[in-house]
Structures are given as C-alpha cells and as structure tokens.
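Each remark here refers to the structure printed beneath this line.
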C-alpha cells in the first residue's frame, strides 16, 4: 500500500477512535473489553501465523534473540506507560495522568510502525501482502488503545481541547515513525531485525491483553467469543493471504 494512504489510515484509525467514543466511561468497560479481547487475539494470531514465519523465512538465531530483545524492551517501556499501550492504566490509585506514561506510549507508537517502511526493501522478498497484514494488525491494536487513552485524558483535563491535543499527538506518532523510517536507510537495510524486534513487542502486548482481561479468572462467554473471533479472522487471513 502507498505510504501516503498508510499514514492516513494509521492517523485516522487512532484519532477517530479516540474522539468518537467520547461517551465511553472507564467504569463501563463491557463493549470496550470485548473489543480489546478481539484485538489482542487478532494481533496474537497475526504474529504467530504471519510475522514470525516471515522473520524466520531465512532462519538466523539472531532473529530469535532480537525477538527476545523486543519482548524485554516492551517490559521496560511498560514501567513508563503503566499499561496505556495495551488498554490499561495502572496509576496506583492516582487520578492524574503521568507525563512519563504518555511519553512511553508515544515512544512505543513511533517504534512499532517502523517495519512498515521496510516492506519491499529487504533481500528481494515480497513483503506487500505481509505489509498489509502488519498495517491492519497495527490499526486494530491502536483503536482500543486510543479509546482508552481518550477516557483517561478526558477525565484528567478540565478543558476538553487539551484532551483532543493529546489524542491528536498520539494519532500522529505512528505516521511519524513511518516517515522517519522511510528516510533512515539503516532501518530498511535491516528490515528483518526491526520486524523481529516488533514481533517481540507484539507478543508481549497481545499476551498481556489476553491475560489482563481475565484478572478475576472467571469465565466470560462474550470475551471468549471475542477471542475466538479474533483467532478466526487471523486464520482466515492466513488462508486467503
């Protein structure tokens, strides 16, 4: 897909999702948690069925090491984001939004879009189809995060336009990451390693989502269905792709 339209999709998916759910309350999470369950399952399915096979198409043990580094990086980033990057916010009982959490979320958003710029530039492989999968996986990851970020910032800021500015900045981070990556030859040259790094991030994000949505360890039919639908959609894309 053309980088212009990729940027438009990345921006609009995050911004529109963030502002369209103005009336979603943090205390009313039913539909939101089901959406989060679906997105986590879909992202996990895409990672297993598409991204990992692509990374290991030409096997190197170093790719596996970089996946572990990406996983570890996301663990470290979560100390900043406090869970914002996967639809939770562990504020420790405080009502204010920490600057470090927003900064960590922005860093996460810039970095995870970097492999999109490298599709079609590495080792002669055709990454077009996989690039589309990566884009839509990223979009479905960002939508629930943007919704949750809006519910947080709309309660933190007395003036609504301040909340809109935060959502606008968040929506610009992935396009910014893509634009920067398109102009950094190092990222394009080592596409597989950046892809492996982001695979590690996605593995952490998706598994954390699937774990945290069931904190009380009770069976929830709607969440289970949402997860199965997410897996099913990922499988269908694998079969038709």
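Given a Förster distance of 22 Å, report the FRET efficiency between residue 103 and residue 16 from their Cβ-Cβ distance, rounded to the nearest 0.05.
Calculated transfer efficiency: 0.40.
Pop a pseudo-label 7 angstrom from the Cα along the beta-carbon direction at both residue 2 and residue 65 and give the gap in nm to one decimal.
For residue 2 paired with residue 65, the spin-label model returns 4.2 nm.
Which FRET efficiency value, to the nearest 0.05, do you get for residue 240 and residue 184 by plugging their Cβ-Cβ distance into 1/(1 + (r/R0)^6) with R0 = 35 Å?
0.60
By how many nm would the segment from residue 232 to residue 156 grow when fully extended, if each residue of separation counts as 0.36 nm and the alpha-carbon distance is taken off?
Result for the pair: 23.6 nm of gain on full extension.
Using Cβ contacts closer than 10 Å as the measure, can you line up 132, 85, 2 from fewest to most?
Exposure proxy ranking, most exposed first: 2, 132, 85.
With each pseudo-label sitting 7 Å past Cα toward Cβ, what's the residue 207-residue 31 distance in nm, one decimal?
3.3 nm
Values in this text are rule-based calculations from the coordinates and carry no lab data. Keep in mind that this is a model prediction, so the values were computed, not measured. All Cβ positions, even for glycine, are placed from backbone atoms using ideal geometry, and neighbour counts span all protein chains on display.
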